[in-house]
Amino acid sequence: MSGIRPLIFGNGKILICEDERGTIRDIYFPYVGLENHGNSIRVGVCDLDSLYCSWLETWNIRQLYKSEFETEFCNRILEISGNPEGKDTTGEKTGKGAGNEKNSERIPEACREVTSNIGETVFENPELGLKVTVWEAVHPSANIFYRTFEVRNVSNSSRRLRLFSNQNYRILETKIGETAVIDKHALIHYKRDRYFLHASEPAFDQHAVGTAEWKGLEGTWRDMETDANLSGNPVAHGSVDSTLGWTLPELKPGEATRVHFWIILGKNYCNVLKVHKRVKEAGKSDLFHNNFNFWNSFTERVSVLPEYAWMPQLPEKVLKSFYRSLLAAVAHMDITGSVIASCDSDIKQFGADLYTYCWPRDAAWVCLALDRARYHHLSAETFEFFSKTITPRGNFLHKYTPAGDFGSTWHPVPMIQIDETGLPLYALYNNWEIARSVWTTGRYYRGLVIPAANYLTKAIDRETDLPISSFDLWEERKGVHTYSACTVYAGLRGACELARSLGDYANADIWKAAADRVKEAIIERLYDNKLKRFRRSLEDSTLDSSVFAVWYFGILPPDDPRVVRTMEAIERELLRPSGGIARYLHDSYYGYMNSWIICTLWLSQWHSATGNLQRALELLEWCAVHAHPSGLMPEQIDDRGRLLSVLPLAWSHSAFVLAVLEYLQALSKREGGSCILPEK
């Protein structure tokens, strides 16, 4: 599991990612996914008697999002819920001083198994007799990253220790021209208009800034390793790093102490100092409380769903993964409406590029999930992003930066994957179907719907009645693909319905006629009578899981015999030893025929649609079980169950949200409930 990001923390303006060893690797600012100033922020501990120093990244580690709030965290939650005395329903005291924290009888229901964006990383080193717990979070509205370190002596003798934090940035993605400077009890790294202020409570009593990664100089962390003391150098420029140290009070066996540490991101010196002052004046754990309350309130919106009444019937693992998926998808969104594919920057080790772009396809799938979960205000932000990036011709290009610029591409001109124009149009229609917001529909009708629908209409080949050749959703081959044709149909059909809703019947008729032509051609030309299933494309008969689009986008009903035979072939021939579903036969990306989370979920969605709920739930559980313990999901799983490629992947999480809600809708329908949405 190399190069993954099990913990991510963001607020739509910044996104901070931690790797599998507990080291901060990615620091995105001022866009989610653009300008990665990260490199390495890691923590170490030195024994002042033996002068032995050790980095926490070498210890045993357990990473997750905090889901239980005993002790101090729980007290604050009870205050907010109107129970300031911290008593449970029996009158027993809870939280700090309530006795054994593991005694769940003393923990009130309000503090158990909640969904939070507060990371909890536990580092243990039995040889040193130390346990360090790190709680961390990003403020929901201010650009503050807050960490609390709890150092606990689990040995049989008293310990004198010093805690260290080493900061090594690549501001504006290069080491050249940085400055690090100590200003009283704060440390500031900066370059141009990017500032990173570091401070703590208690204040650090050791510091050093110096040259790193330049002409053989490795960095100030070498000071720590040498004698557990830092030089005190207050300023350095060029290729720099910094190390801060805290001399801890002597810890007797079983005792612990805490250091509260924060990083403030901003665009000028005075601004970060002003925010720093506010943080110092606030309570030590106010940021955690703000974070917890904000995201708990955010997820409470799910309670308005008709499916909500059926959620208790989900296995606990699936339910937790649903909420984590919702939060993970949103974490990849910028306030501009961009949705990056993945924040995991380690992918660049396997090529000279990243997943930190907004693919219109991936973003559209996130919109579909958000609207399905009734987060219409968020999908509306992405439609705004679409309206600003659509080309004058009415189509979308390969991918975009979070700022809206055209991203890198490996496609020759015209650089088009036609599904990336069909899907955003379909997503806007889906928003109308669920939200019925004439404001959203009217706002984007002329700037987005008309040009995109006209482009798709013109892109239909007169001989085949299928869309023109373009690159497929896997971005690997050019052709006339079944998946792409289905999204073009869905986009045109959606545009027709939007036109009718606004009284534009002339365009509605044109787009309906075009959609009908594509639909008929898909059935006639892309179904292979010999193979008894749908082909990947006109030119290629390979079995490809993406042909699920035939039923999902309404070309044929899910129980049509042609669909059934196709989906059964996918389950039979693409099922992997680990239990997941591969993209297509003989796929070689990151290994041979790895399982993909999204492909596995497509099969689950089909089983839900056809009433086979037991199998649908089995596939949902497979995805939840194969997530990282933190709940974040990768792109792929190999046959041995290892997580591969990027983690997290926004598309994996949006697909999980959709699949769970569609399963619950099918469950309600079977049990005679009223959880009904418009048919596709």
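Could you check how many residues of the range 138-159 are under 27 Å from Asp49 (Cβ atoms), out of contact with any Gly (no Cβ under 6 Å at 6 or more places or on another chain) and either charged (D, E, K, R) or assigned to a loop (DSSP other than H, G, I, E, B) (or both)?
7
Can you tell me which residues in the range 449-472 are over 13 Å from Ala514 (Cα atoms), open to solvent by 10 Å² or more (accessible area, probe 1.4 Å) and in contact (Cβ under 8 Å) with a residue 40 or more places away in the chain?
Ile450, Pro451, Ile468, Phe471
Of the residues Ile8, Ile27, Ile16, which single one is modelled with pLDDT of 95 or more, assigned to a strand (DSSP E or B) and in contact with a His (Cβ under 6 Å, 6 or more places away or on another chain)?
Testing whether each residue is modelled with pLDDT of 95 or more, assigned to a strand (DSSP E or B) and in contact with a His (Cβ under 6 Å, 6 or more places away or on another chain) leaves just Ile27.
I'd like to check something: does the range 301-323 contain any residue that is of a type outside the set (Phe, Trp, Tyr) and either in contact with a strand residue (DSSP E or B) (Cβ under 8 Å, 6 or more places away or on another chain) or within 27 Å of Phe149 (Cβ to Cβ) (or both)?
yes
Taking helices (runs of 4 or more DSSP H) that do not extend beyond the range 448-541, which have at least 1 residues that are farther than 30 Å from Ser437 by Cα?
Ranges flagged: 482-501, 505-525.
Inspect the range 377-387 for any residue being open to solvent by 10 Å² or more (accessible area, probe 1.4 Å) and within 19 Å of Ile598 (Cβ to Cβ) and give the result as yes or no.
no
Condition (residue is modelled with pLDDT under 95, open to solvent by less than 10 Å² (accessible area, probe 1.4 Å) and not basic (Lys, Arg)) applied to the range 426-444: is it met by at least one residue?
Checked the range 426-444: at least one residue is modelled with pLDDT under 95, open to solvent by less than 10 Å² (accessible area, probe 1.4 Å) and not basic (Lys, Arg).
Taking only the range 10-41 into account, find how many residues are among the aliphatic types (A, V, I, L, M) and farther than 14 Å from Val339 by Cα.
4
May I ask you to verify whether Arg642 is open to solvent by 10 Å² or more (accessible area, probe 1.4 Å) and within 28 Å of Lys532 (Cβ to Cβ)?
No.
When you check Lys399 against the structure, is it of a type outside the set (A, V, I, L, M, F, W, C) and at pLDDT 95 or above, yes or no?
Taking the combined requirement at face value, the residue satisfies it.
If Glu201 satisfies all but one of (1) in contact with a helix residue (DSSP H, G or I) (Cβ under 8 Å, 6 or more places away or on another chain); (2) closer than 21 Å to Phe145 by Cα; (3) open to solvent by less than 20 Å² (accessible area, probe 1.4 Å), what's the number of the condition it fails?
(3)
Quick grid of which residues meet (1) open to solvent by 20 Å² or more (accessible area, probe 1.4 Å); (2) among the hydroxyl-bearing types (Ser, Thr, Tyr); (3) touching a residue at least 40 places away in the same chain (Cβ under 8 Å):
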{"position": "Glu475", "(1), (2), (3)": "yes, no, yes"}
{"position": "Cys486", "(1), (2), (3)": "no, no, yes"}
{"position": "Gly494", "(1), (2), (3)": "no, no, yes"}
{"position": "Arg500", "(1), (2), (3)": "yes, no, no"}
{"position": "Asn507", "(1), (2), (3)": "yes, no, yes"}
{"position": "Asp516", "(1), (2), (3)": "yes, no, no"}
{"position": "Glu520", "(1), (2), (3)": "yes, no, yes"}
{"position": "Ile523", "(1), (2), (3)": "yes, no, no"}
{"position": "Leu531", "(1), (2), (3)": "yes, no, no"}
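What's the number of the only condition in (1) touching a Ser or Thr at 6+ places or on another chain (Cβ under 6 Å); (2) under 23 Å from Asn291 (Cα atoms) that Lys320 fails to meet?
Result: Lys320 passes all but (1).
Any chance the range 402-417 includes a residue that's among the β-branched types (Val, Ile, Thr), open to solvent by less than 30 Å² (accessible area, probe 1.4 Å) and modelled with pLDDT of 95 or more?
no
Go through the residues of the range 653-668 one by one and say whether even a single one is open to solvent by 30 Å² or more (accessible area, probe 1.4 Å), of a type in the set (Asp, Glu) and out of contact with any Cys (no Cβ under 7 Å at 6 or more places or on another chain).
There is no residue in the range 653-668 that is open to solvent by 30 Å² or more (accessible area, probe 1.4 Å), of a type in the set (Asp, Glu) and out of contact with any Cys (no Cβ under 7 Å at 6 or more places or on another chain).
Would a scan of the range 70-81 turn up a residue that is assigned to a loop (DSSP other than H, G, I, E, B), among the aliphatic types (A, V, I, L, M), more than 28 Å from Ser242 (Cβ to Cβ) and at pLDDT below 95?
Checking the range 70-81: not a single residue is assigned to a loop (DSSP other than H, G, I, E, B), among the aliphatic types (A, V, I, L, M), more than 28 Å from Ser242 (Cβ to Cβ) and at pLDDT below 95.
When you go through (1) closer than 20 Å to Ile335 by Cα; (2) without any contact (Cβ under 8 Å) to a residue 40 or more places away in the chain one by one for Leu397, which number turns out not to apply?
(1)
If the Cβ limit is 7 Å and pairs must be 6+ apart or interchain, which residue in the range 305-325 that is closer than 17 Å to Ser67 by Cα and of a type outside the set (A, V, I, L, M) pairs with which residue that is modelled with pLDDT under 95 and in a helix (DSSP H, G or I)?
Hits for this filter: Tyr323/Thr299.
Looking at the range 333-369 only, could you name the residues that are acidic (Asp, Glu) and either buried (at least 24 other Cβ atoms within 10 Å of the Cβ) or in contact (Cβ under 8 Å) with a residue 60 or more places away in the chain (or both)?
Scanning the range 333-369 gives Asp334, Asp344, Asp346, Asp362.
So which residues in the range 160-189 are over 19 Å from Arg147 (Cβ atoms), of a type outside the set (Asp, Glu) and assigned to a strand (DSSP E or B)?
Scanning the range 160-189 gives Thr179, Val181, Ile182.
The values are calculated or read from the model by the stated rules, or taken from the named source; none is laboratory data. Quantities reported herein were computed from a predicted structural model and do not represent experimental measurements. Glycine gets a Cβ as well: all are built from the backbone with ideal geometry, and neighbour counts include every protein chain shown. With ligands, DNA and RNA removed, areas are computed over all heavy atoms of the protein, side chains included. Shrake-Rupley method; radii C 1.70, N 1.55, O 1.52, S 1.80 Å.
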